[in-house]
Amino acid sequence: MLSEEQIKKIVSANESLQVQLADANAMLAARQEEIDFLNTELAESTALRSKLDGQQAQIESIENQLGEKQKAAKGAEEREFELHQELTGMALLNKQYNELVQDYAYLQSQYKDVLAQLTALQHHNLELEKVAGSMGELQSRLENSLLEKDVLKERINTLEAQKFIKEI
């Protein structure tokens, strides 16, 4: 039979393990909240990446249009001396060219802003990866604690069984 002191030690150890388990469960819940937050951030990052890709395609299209308009403007200048009527067409093309240049400058500015956001998101993703690594380490620690708890339970059972055998 276990002495009162041994029982107190076992109860104390059990209470300590229960506190540790509660702490581990609290940490696990906090990590799950972090994972949920990080998943939300990742979805936003993906949406921004999609928006960036769309804007980049738009910039490329405008660059192509701009190249075509530049070629048209150059051809119109060469014909200017021969045909006076094309001068009006050339003025229109120049106006469109200037609008495209303005649009291009505006889109370039947006492109730079989106690239800056992407860089920030990539930095944030690196931080998320670090947090995920920490979470893995904490999960491993929790598993180790649970294994230790099981070993302690087995020892208690063994001691109780030995006590029962000695009493018989």
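Residues are listed down the side, and each one gets a yes or a no for (1) farther than 20 Å from Leu38 by Cα; (2) of a type in the set (Gly, Ala, Ser); (3) not in a helix (DSSP H, G or I):
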position: Leu115; (1), (2), (3): yes, no, no
position: Leu118; (1), (2), (3): no, no, no
position: Gln122; (1), (2), (3): no, no, no
position: Gly133; (1), (2), (3): no, yes, no
position: Leu142; (1), (2), (3): yes, no, no
position: Lys149; (1), (2), (3): yes, no, no
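Test Met1 against the criterion of being of a type in the set (A, V, I, L, M) and outside any helix (DSSP H, G or I), and give yes or no. Against the criterion (of a type in the set (A, V, I, L, M) and outside any helix (DSSP H, G or I)), Met1 qualifies.
Among the residues of the stretch 29-60, those identified as more than 19 Å from the chain's Cα centre (by Cα) and exposed (fewer than 14 other Cβ atoms within 10 Å of the Cβ) are Ala29, Gly54, Ala57, Glu60. Applying the set (1) assigned to a helix (DSSP H, G or I); (2) at pLDDT below 90 to Met27 leaves exactly one unmet item: (2).
Just checking, does the stretch 59-72 include any residue being on the phi < 0 side of the Ramachandran plot, at pLDDT 75 or above and touching a Lys or Arg at 6+ places or on another chain (Cβ under 7 Å)? Checking the stretch 59-72: not a single residue is on the phi < 0 side of the Ramachandran plot, at pLDDT 75 or above and touching a Lys or Arg at 6+ places or on another chain (Cβ under 7 Å). Test Lys95 against the stated conditions and say whether it is at pLDDT 90 or above, farther than 30 Å from Leu146 by Cβ and either among the aromatic types (Phe, Trp, Tyr) or surrounded by fewer than 11 Cβ atoms within 10 Å (Cβ to Cβ) (or both). For Lys95, the condition - at pLDDT 90 or above, farther than 30 Å from Leu146 by Cβ and either among the aromatic types (Phe, Trp, Tyr) or surrounded by fewer than 11 Cβ atoms within 10 Å (Cβ to Cβ) (or both) - is met. Within the stretch 139-149, one or more residues are touching a residue at least 24 places away in the same chain (Cβ under 8 Å) and either under 18 Å from Asp53 (Cβ atoms) or within 24 Å of the chain's Cα centre (by Cα) (or both).
Restricting Glu82, Glu129 to those that are without any contact (Cβ under 8 Å) to a residue 60 or more places away in the chain, among the acidic types (Asp, Glu) and part of a helix (DSSP H, G or I) reduces the list to Glu129.
The values are calculated or read from the model by the stated rules, or taken from the named source; none is laboratory data. Remember, it's a predicted structure, so these values are computed and weren't measured experimentally. Counting neighbours? That spans all protein chains shown, and the Cβs are built from the backbone with ideal geometry, glycine included.
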